[in-house]
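The values are calculated or read from the model by the stated rules, or taken from the named source; none is laboratory data. Computed from a predicted structure; not experimentally measured. Positions of Cβ are backbone-derived with ideal geometry, glycine not excepted, and every protein chain shown enters the neighbour counts. All accessible areas refer to the heavy atoms of the entire protein, side chains included, with ligands and DNA or RNA removed. Shrake-Rupley method; radii C 1.70, N 1.55, O 1.52, S 1.80 Å.
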Amino acid sequence: MPAIGSVLFAAALAASADALTFDEALGLAERAPSVEAARAATSAQRDLASRISSQTSNPLLTVEPGYRISSSPTSTTRFEGTATLSQSWNLAGLASRRREAARGEGDQLDAEARATALARRLSAAQAWVDLWAAQAALADARQEAELAADLAARTGRAAEQALLTRADAADAVTYRAEARLLALSVEGETTDLGFRLARETARPPAALATAGELPSPTLPPPGEWAGLVARAGALPEVAARRLTARAESARAAEARAARGTALTLGAAVQRDNLGEYVVFGQVGVSLPLFDRGEREAAPFAAAAARAQGEAEEAGRAAAAELARAFHEVEHTGEVLHELEQGFLPASAEAARLREVTFRAGDATVLEVLVSRRSAAAARARLNRARAAHAWAQVKVWLELAEVARAEGRAS
């Protein structure tokens, strides 16, 4: 009885769960807080970077007030002072280096934002497909549990009338228990995946459900796959690492330029003890003879070298993963075809014939149960295979869409 209560509770939970279509799940993933925050970071950085001044230093105003004190009766006691206004200009290209570094940082943040969005779309898509497969498996498991209960009841009545043995009735009861346990197990999986989909789509913490059919995106023909694998370097994660290396190199150049030659021009006004004013001009040059910014540039240069290696490795990994994804599309398609055309029809027909022969008294309960297990396993594998093939297609579709978008932005 507790098992039946759990079944009813899970059924009520599933019936009350919010349902999302595949497109709705992707749309919600695009608006997840982490994705929005990454885009906001890019926008904030570029807004301030666009206002970087061409002047690398601010004017300096220096005031030196004084008071003359004299013991001579003929001297006049009065205020004196000097005011100086100066401005420095970096002659090592610091202004352009700063803007270049800021652009590099903005490009890096933009690529990271696109990588975050793609990762979130992929996670939401996989969660949706997995939940769809679990829901389909749950429907099959519940149906099989009902059929197993009917078979156990019929077998029990037949055993009471001595038409079947008690061992046959016990086998049928055992199968009924197995079917119920399977339904409970799949219900738990469905609930877990429902919470996972809620997390990936940034919904409130409640188990969700899927609505609609599996996605079936159109992919390029296999003859174009090799060329597409070679373009995997345009994926945002790879681009982000490559742009990180470029941004670090720009920061190193900026640090060196900050210690480069600088020209300072100024003007000073002095009020002397006679109450008269004297105007002076100032010219100064800072020469990078000793400190050339090595200390400041060193960590940026090291980070650039490391990021460059990571970018190359990420590019190779992305190409390998995309090639594997194409193979997965092909492989899951073959498995699905074999299940649809071979295993499922054969197991279903075998189960039907065993049931017919059992009713005619020419088959044992155990033979019927074995054929039913095989047919149930075939249906479960078919749903999982459909989901696996759909996920393989969706993964490639989303990644190729991002590659095309990145190449369109670069052109």
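Working from Cα positions, state the angle (0 to 90°, nearest 10) between the long axis of helix 344-359 and the longest principal axis of the chain. So the helix axis and the longest Cα principal axis differ by about 30 degrees. Amide hydrogen proximity for Ala19: with H placed 1.01 Å from N in the peptide plane, the residues at 5 or more positions away or on another chain lying under 5 Å are Ala209. Taking all protein chains into account, the per residue accessible area for the range 240-287 stands at 58 Å² (1.4 Å probe). Phi-derived couplings, Karplus 6.51 cos²θ - 1.76 cosθ + 1.60 at θ = phi - 60°, listed residue by residue for the range 284-298: x, 10, 9, 9, x, 7, 10, 8, 10, x, 4, 5, 5, 7, 4 Hz, with x used for Gly and Pro. Compute the long axis of helix 94-160 from its Cα atoms, compare it with the longest principal axis of the Cα atoms of the chain, and write down the angle in degrees, 0 to 90, nearest 10. With rounding to tens, the tilt is 10 degrees. Protein-only accessible surface at a 1.4 angstrom probe places the residues Val403, Val173 in the order Val173, Val403, largest first.
Amide H contacts for Arg259 (H built 1.01 Å from N in the peptide plane; partners 5 or more residues away or on another chain; cut-off under 5 Å): none found. Largest accessible area first, the listed residues Tyr277, Tyr175 line up as Tyr277, Tyr175 when surface is computed with a 1.4 Å probe on the assembled protein chains.
Neighbours of Phe195, meaning other residues whose beta-carbon lies under 14 angstrom from its beta-carbon, give a summed charge of -3 when Lys and Arg score +1 and Asp and Glu score -1.
Where only DSSP H runs of four or more residues are counted, the chain gives -24000 deg cm²/dmol as its mean residue ellipticity at 222 nm, each run worth -39500 (n - 2.57). For Thr56, the amide hydrogen comes within under 5 Å of the amide hydrogens of Asn90, counting only partners 5 or more places away or on other chains and with H modelled in the peptide plane. Measure nothing but the geometry: give the 0 to 90° angle between the long axis through the Cα atoms of 365-410 and the longest principal axis through the Cα atoms of the chain, rounded to 10°. Relative to the chain, helix 365-410 is tipped by roughly 20 degrees.
Modelled this way, with points 7 Å down the Cα-to-C-beta line, the labels at Ala153 and Arg405 are 5.4 nm from one another.
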